[in-house]
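I have placed the structure first, in the form of structure tokens, so that the comments after it can refer back to it.
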Amino acid sequence: MGALGDHEWSCHRCGRTSPAVRDRGRIDLMARLCETCWNILANEMAQADGATAAPRPDPGPDDVSWIEPPTCPECGAPIRVYPTNYDRWVSLATVELPAKDVPEPFRWRLTKLPGQSSVTDIVAVRVRGVDPLPGEPVVPAHHIMCVPGLREP
């Protein structure tokens, strides 16, 4: 105690005060929560958004083996898997479409994390609040484009 930076904040959801309460999310747009409340909130958001993909493999810095591009287990189509701003993963289509062609609940944007320069520091953010213009490009969630059973032999 007494060291510079020691603090205890209260969780915005449950009200508990603890040193484990911190700002959550990959972009500082989320809330100050404890671990339990953060997991509940992030899981609820992931379920609502369809962000239930498994994370991509994270090879070590010395690993030079090939990692296959991800494909959908249902239809075999190529997909892009990105982390969300709430630390869950989502499977996205490989193309952008005009917002008018993508139903509102399935619109995503890819955003670079502030202050980052690597292509791996990109997060998927659901388009909410202000609707994009009809011709504005958005990335659709893969599951609205998925046609199970169309796997190529």
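The values are calculated or read from the model by the stated rules, or taken from the named source; none is laboratory data. None of the values given here were measured: they were computed from a predicted structure. Positions of Cβ are generated from backbone atoms using ideal geometry, with glycine treated the same way; all protein chains shown enter the neighbour counts. Note: accessible area is taken over every heavy atom of the protein model, side chains too, but ligands, DNA and RNA are not part of it. Shrake-Rupley method; radii C 1.70, N 1.55, O 1.52, S 1.80 Å.
Along the Cα-to-C-beta direction of residue 12, a point sits 7 Å from the Cα; which residues of the range 25-69 have their amide N less than 11 Å from that point?
25, 28-34
Looking at the chain, I'd like the Rg to Rh ratio, where Rg is from alpha-carbon atoms and Rh is Kirkwood's inverse mean 1/r. Display every interim value, and only then the final one.
Values: Rg = 18.3 Å, Rh = 17.6 Å.
Using Cα coordinates only, the ratio equals 1.04.
Using protein chains only and a probe of 1.4 angstrom, how many square angstrom of residue 131 are accessible, to the nearest 10?
Surface accessible to solvent at residue 131 totals approximately 110 Å².
Only Cα pairs under 8 Å and at least 6 apart count here; give the relative contact order of the chain as a rounded whole percent.
Normalised by residue count, the contact order of the chain is 20 percent.
Once the whole set of protein chains is in place, how much accessible area is left on residue 96, using a 1.4 Å probe, in Å² to the nearest 10?
Here the residue's solvent-accessible area equals roughly 120 Å².
How far is helix 35-49 tilted, in degrees, relative to the longest principal axis of the Cα atoms in the chain, given as a value from 0 to 90 rounded to the nearest 10?
20
State in Å² the accessible area per residue of the chain; use a 1.4 Å probe, count heavy atoms of protein chains only, and round to the nearest integer.
Details: 9830 Å² over 153 residues.
Averaged over the residues of the chain, the accessible area is 64 Å².
What ³J(HN,Hα) values, in whole Hz, does the Karplus curve 6.51 cos²θ - 1.76 cosθ + 1.60 give for the range 108-115 when θ = phi - 60°, with x put for Gly and Pro?
Karplus values, whole Hz, x for Gly and Pro: 10, 10, 9, 10, 6, 5, x, x.
List the relative contact order of the range 19-81 as a percent without decimals, with contacts defined as Cα pairs under 8 Å and 6+ residues apart. Before the final figure, lay out each step's value.
On the way: 35 pairs, mean separation 10.8, N = 63.
Result for the range 19-81 is 17 percent.
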